[in-house]
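Data first, discussion second: the structure below is written as C-alpha cells.
The values are calculated or read from the model by the stated rules, or taken from the named source; none is laboratory data. What you are looking at is a predicted structure, and each value in this text was computed from that prediction instead of being measured. Here the Cβ positions follow ideal geometry from the backbone for every residue, glycine too, while neighbour counts run over all protein chains shown.
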C-alpha cells in the first residue's frame, strides 16, 4: 500500500494533513480522561485514504455542485473506539467547520480484526482499499491481511441475495411514502422517502462491495455510491439552488421530519423527491443487474 499523496495538488495534500491532525488530536482528547483500560490505552493504528482521491479520478467542480469527498478509514485498537458519537463526533465537527478544509471529509472507523476479516472473506470494499488505498498514518504491527478474493460463484450468490432483499425493502418504503402523501402526512412521507433512498444506496453498496457504513447520513451514502458508479450522479442534480435544497430536505428528514417542529416540506417538494427516489431505485436496479450479469458470466452459472 502506498504512503504518499504526491499525485494530489498541494492544497489537497495540506487539507488531508490537516484533517489527519484534527482526527488524531481530538481522539487523544476523547480518551484522555478515560478510566477503562481499553479506552485509556486506545490507539489509532492506521488512517487510510480510499476512494477517488486515492485512485486519482476525483471530481473538483464546486461551481457546478460536484466535488468528490475525501474518504478516510480509521483503524483503532478496540471495537468500542469505533463509536462515532463517543470518540469521533467532535473531530468530525471541527473538520466540517474548518475553513482551511474546503472538501467534505467522510470517515469510517473499524478495528484491524474487522478489516482483516473482510479481506480474508474477499469482500470487494476491503480488497479495493487494500489495493488502491494510501496510508496517511500507521503504527508498526498494524499490517493488513492478504486479500483472499471471493470465487465468482460465491460473489454472485452473496450479491444476488443482497439485491433481492434490499430491493424489496426499497419498494416497501416507497409504498409507505405514497400512503403518507395521500393522507397528507408530509413529514412522515419525507422520513420514509429518506428511508427508501438510504435502502437503495445500501442495496447498491452491498451488491457492489459487500459493505455499507453504519450511517444514516444520506450525503455520505450517496458519495460512496457515486464514487463506485458515476452514473448515479444524475439522480440528484446539483446545478440549481432548488435541486440542492431538495436533496438537503431529504437528508435532514431522517431526524428533523420526526423530531423538529420547524421542519417544513410542501407537496411540490415531496413529489420531486419521490420522483428522484424512484429514479434512484430504478438506476440502482439497472446497474446492480448489470453487475450481477457480469458475476454470473464469470461464474458460468
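Being in a helix (DSSP H, G or I), out of contact with any helix residue (DSSP H, G or I) (no Cβ under 6 Å at 6 or more places or on another chain) and assigned by TED's automatic domain parsing to the domain that holds residue 165 is a property that does not hold for residue 246. Residue 219 meets the stated requirement of being at negative phi and either assigned by TED's automatic domain parsing to the domain that holds residue 119 or touching a strand residue (DSSP E or B) at 6+ places or on another chain (Cβ under 9 Å) (or both). The one condition from (1) under 17 Å from the mean Cα position of the chain (by Cα); (2) at negative phi; (3) touching a residue at least 40 places away in the same chain (Cβ under 8 Å) that residue 110 does not meet is (3).
For the structure I just gave you, tell me whether residue 200 is out of contact with any strand residue (DSSP E or B) (no Cβ under 9 Å at 6 or more places or on another chain) and within 30 Å of residue 121 (Cβ to Cβ). For residue 200, the condition - out of contact with any strand residue (DSSP E or B) (no Cβ under 9 Å at 6 or more places or on another chain) and within 30 Å of residue 121 (Cβ to Cβ) - is met. When the stretch 26-59 is limited to residues that are more than 27 Å from residue 145 (Cα to Cα) and touching a residue at least 60 places away in the same chain (Cβ under 8 Å), the one that is surrounded by the fewest Cβ atoms within 10 Å (Cβ to Cβ) turns out to be 29. Entry remark, the stretch 259-281: residues being assigned to a helix (DSSP H, G or I), out of contact with any helix residue (DSSP H, G or I) (no Cβ under 6 Å at 6 or more places or on another chain) and surrounded by fewer than 17 Cβ atoms within 10 Å (Cβ to Cβ) number 5 in total.
To keep it simple, each residue is scored yes or no on (1) in a loop (DSSP other than H, G, I, E, B); (2) over 16 Å from residue 291 (Cα atoms); (3) at pLDDT 95 or above; (4) in the same structural domain as residue 171 (by TED's automatic domain parsing).
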| site | (1), (2), (3), (4) |
| --- | --- |
| 190 | no, yes, yes, yes |
| 193 | no, yes, yes, yes |
| 196 | no, yes, yes, yes |
| 205 | no, no, yes, yes |
| 214 | yes, yes, no, yes |
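Filtering 119, 150, 144, 136 for residues that are farther than 20 Å from residue 216 by Cβ and part of a strand (DSSP E or B) leaves a single hit, 136.
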